[in-house]
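The values are calculated or read from the model by the stated rules, or taken from the named source; none is laboratory data. Since the model is a prediction, treat every value here as computed from it, not as a measurement. Cβ coordinates were reconstructed from backbone atoms using ideal geometry, including for glycine residues, and neighbour counts include every protein chain displayed.
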């Protein structure tokens, strides 16, 4: 949990963060983190694989992987098609050259902020 997650909760309606994981009571607060595949019917997504990505604050989530490669997949639920794609990429940690078990907690906090900083610099440089 980080300030980044709190900003997702605070701006969930305006920036559509609630739309990534809808429920009957509204959206679920999203967090960057790792999860373990507990069951899969998708070719290329194996049980017990650890995955890094954008998850709801829940114990379990049902996903619809598309565009599966040896390194990652896209969360392909139909309600996500008009949402920013960066939040729908899930990486298999064993294929991620930057992932280690020892640095997992730092990665979960810093990776999204690192990419956000690049987006901000890129936006600023085009002004």
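Descriptive notes on the structure:
- Of all the residues in region 63-87, those that are part of a loop (DSSP other than H, G, I, E, B) and either free of Cβ contacts under 8 Å to residues at least 24 places away in the same chain or under 13 Å from the mean Cα position of the chain (by Cα) (or both) number 9.
- Here region 88-121 is the region considered, the condition is being surrounded by 13 or more Cβ atoms within 10 Å (Cβ to Cβ), part of a helix (DSSP H, G or I) and modelled with pLDDT of 90 or more, and the residue that is nearest to the chain's Cα centre (by Cα) is 88.
- Residue 30 modelled with pLDDT under 90, over 18 Å from residue 104 (Cα atoms) and within 15 Å of the chain's Cα centre (by Cα): no
- Criterion (in contact with a helix residue (DSSP H, G or I) (Cβ under 8 Å, 6 or more places away or on another chain) and without any contact (Cβ under 8 Å) to a residue 40 or more places away in the chain) met by exactly one of 35, 26: 26
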